[in-house]
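Encoded as structure tokens, the structure appears first; notes follow it.
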Amino acid sequence: MIAEEAVELLFDDVCRTLARAGFDIASVNADEGTGLRVRREPGAVIVGWMPGRELDPAGRRDAEYEGIRGALRKALWEILTQAGYAVQIDRPSGEVRVTPT
């Protein structure tokens, strides 16, 4: 497992990499909590996505957005592996786990 300081550096670098690729990063603690979200976990950085209400004006709680999630996972995998990270995709959660190589 990597040290907490290394996870912090990884977090900062992953956020910068995604910003350079054109993504807006939402804070996990943001009130609305939608968009691309990056958080720290022991030994890794986790990237996920929460859809905004504008994608489903009816407000259905069961909307899955699997097409969008699949495209986003592929884009994140491509960007982050090209940047030199090890990337694992968790399909059930739709999240991407990033670790140094």
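Taken together, the values in this text are just the output of simple stated rules run on the coordinates, not laboratory data. Owing to the predicted nature of the structure, the values given are computational and were not obtained by experimental measurement. Cβ: placed from backbone, ideal geometry, glycine included. Neighbour counts: every protein chain shown.
The P(r) of the chain has a tail past 24 Å containing 20 percent of all C-alpha pairs. Counting only alpha carbon atoms, the long axis of helix 4-20 and the longest principal axis of the chain meet at about 50°.
Once the C-beta distance of D24 and E4 is scaled by a Förster radius of 22 Å, the resulting FRET efficiency is 0.25 to the nearest 0.05. Build a GNM of the chain with springs between Cα atoms under 10 Å apart, and of E54, E41, E64 the one that fluctuates most is E54.
Projected label points at R40 and C15, each 7 Å from Cα along the beta carbon direction, are separated by 1.0 nanometres.
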